[in-house]
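**Q** To start, I am sharing the structure in question, which I have written as structure tokens.
The values are calculated or read from the model by the stated rules, or taken from the named source; none is laboratory data. The model shown is predicted, which means the values in this text are computed figures rather than measured ones. In this analysis, Cβ positions are derived from the backbone assuming ideal geometry, glycine residues included, and neighbour counts consider all displayed protein chains. All accessible areas refer to the heavy atoms of the entire protein, side chains included, with ligands and DNA or RNA removed. Shrake-Rupley method; radii C 1.70, N 1.55, O 1.52, S 1.80 Å.
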Amino acid sequence: MSPDAEAVLRERWSRSQRYVTAFSVFLPALQFLPCTAIVLLAGGGIISSAAIALVPIAVAALALRHWLRRQTPLDPSSWLPAAAIAVGAQQLSIAIPGYGIATGRTHDELTGPTVLFFGSWSVAAATCVAAHRASRALLKPLIAELGSADVRLPLDVRAAVSGPELVSAQIVVDHDRVEWTVRLYAGLGRGSRLDNSVPFRELIRVLPVTLPAVPVLRPWTVLPGGITLYAQAGPAVLLTSMNDEWLIPVHDAVLVTELLNRRQELWVLGTN
């Protein structure tokens, strides 16, 4: 990472890492307390309750931590789903069955198990919130210096459809390429999808442009099912590779251009 980018991103990294430590270390450890108490009320001894609660909680927490350490490049947009899977495994393996057994044994005294069960879900919710904030602390607001960091960056696309279809589009700046995905949502989540990518070794130029107001809409890309996605008037980036050109409507063409140029420079330094 260049010195100027490191200076700008230092505070972001620090805040993000505090949240990462919270959702991957502190809060999973805190989850051990209410889960152990729930198992104890379900009929186990103190030692056996601690052992029963510790195993799935520790496995989920260690798996999450190991996965985070192996991320190259970092993918902050995946932190929240990963944290949700980890806390879901903890709840399904300990809190929910333990609460069911505890309430079945103590029909006259439901306050204790209910409070502990609510506490375990509160810790689970706090874990997901911390994961979300860890991602936002690093990525929001978007700045060009993020292009100089080894971080997988999702960027928004300006696009519109002329019909009632539900379509989403996103650019992702990876460590060695820029890619964009357009997805049509249909019943049960099934629908057509279009993926394109340009490796940095083939990317010749990134140019910020402004799409004129006339025509108001122009075809941007066509999904395999025939749905046309239109680019509205406003900023866009023109990607030129060895084989083709692509025009992608974005919210801030100058920022995206600088970010892509920085990321390509980082890739060049890495290959050398």
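**Q** By its C-alpha gyration tensor, with a ≥ b ≥ c as the square roots of the eigenvalues, how is segment 123-225 shaped: rounded for a/c under 1.5, else prolate for a/b larger than b/c, else oblate?
**A** Oblate, because a/c is 1.5 or more while a/b does not exceed b/c.
**Q** How long, wide and thick is segment 53-154, going by the Cα atoms along their three principal axes, in whole angstroms, largest first?
**A** Principal-axis extents of the Cα atoms in segment 53-154, largest first: 61, 25, 15 Å.
**Q** Just going by the charge dipole of the chain, with Lys and Arg at +1 and Asp and Glu at -1 on Cβ, which of ALA53, LEU92, ALA160 is farthest out on the positive end?
**A** ALA53
**Q** Relative contact order for the chain: what is it in percent, counting Cα pairs under 8 Å that are at least 6 residues apart? Walk me through the intermediate numbers first.
**A** Values: 446 pairs, mean separation 48.5, N = 272.
Worked out over the chain, it gives 18 percent.
**Q** Separate question: How big is the accessible area of GLU11 in square angstrom, nearest 10, if you roll a 1.4 angstrom probe over the protein chains?
**A** Approximately 100 Å² for this residue.
**Q** Answer with one residue from LEU194, HIS66, ILE143: the one whose Cα lies farthest towards the positive end of the charge dipole of the chain, charges on Cβ with Lys, Arg +1 and Asp, Glu -1.
**A** Of the options given, the answer is HIS66.
**Q** Could you work out the relative contact order of segment 168-266, using alpha carbon pairs under 8 angstrom and six or more residues apart, expressed as a whole percent?
**A** Numbers: 180 pairs, mean separation 22.3, N = 99.
In percent, rounded to a whole number, it is 23.
**Q** Ignoring trypsin sites (Lys or Arg not before Pro) that are buried or in helix or strand per DSSP, and keeping those with at most 12 other beta carbon atoms within 10 Å, what is the longest stretch of the chain between them?
**A** Details: sites that count: ARG70, ARG190.
No qualifying site falls inside 71-189, the longest such stretch.
**Q** Just want to confirm a number: the relative contact order over segment 109-180, from Cα pairs under 8 angstrom separated by 6+ residues, in percent. The partial results should precede the final answer.
**A** Values: 37 pairs, mean separation 14.7, N = 72.
Averaging sequence separation for qualifying contacts and normalising by length gives 20 percent for segment 109-180.
**Q** If I ignore ligands, DNA and RNA and count only protein heavy atoms, how much of PHE23 is accessible to a 1.4 Å probe, in Å² to the nearest 10?
**A** 0
**Q** Would you kindly state how much longer the chain becomes between LEU238 and ARG65 on full extension, computed as 0.36 nm times their sequence separation minus their alpha carbon distance, in nm to one decimal? All intermediate terms of the calculation are to be shown ahead of the outcome.
**A** Values: separation 173, 0.36 × 173 = 62.28 nm, distance 3.90 nm.
Stretched fully, the LEU238-ARG65 segment lengthens by 58.4 nm.
**Q** Return the sequence-ordered ³J(HN,Hα) values of segment 199-213 in whole Hz as given by the Karplus equation 6.51 cos²θ - 1.76 cosθ + 1.60 applied to θ = phi - 60°, using x for Gly and Pro.
**A** Taking θ as phi minus 60°, the curve returns x, 5, 5, 9, 7, 8, 7, 10, 10, x, 9, 10, 7, x, 6 Hz for segment 199-213.
**Q** Looking at the calculated P(r) for the chain, what percent of the C-alpha pair distances fall above 35 Å? The partial results should precede the final answer.
**A** Working: 13293 of 36856 pairs.
Of all Cα-Cα pairs in the chain, 36 percent lie more than 35 Å apart.
**Q** Continuing with the same structure: Give, rounded to the nearest 20 debye, the magnitude of the charge dipole that the chain has about its Cα centre when Lys and Arg contribute +1 at Cβ and Asp and Glu contribute -1 at Cβ.
**A** Numbers: 22 positive and 20 negative charges, 71 e Å.
Computed charge dipole of the chain: roughly 340 debye.
**Q** Another one. Going from most exposed to least, what order do LEU153, LEU194 have by accessible area with a 1.4 Å probe? Before the final figure, lay out the partial values.
**A** Details: LEU153 0, LEU194 40 Å².
Correct descending sequence by accessible area is LEU194, LEU153.
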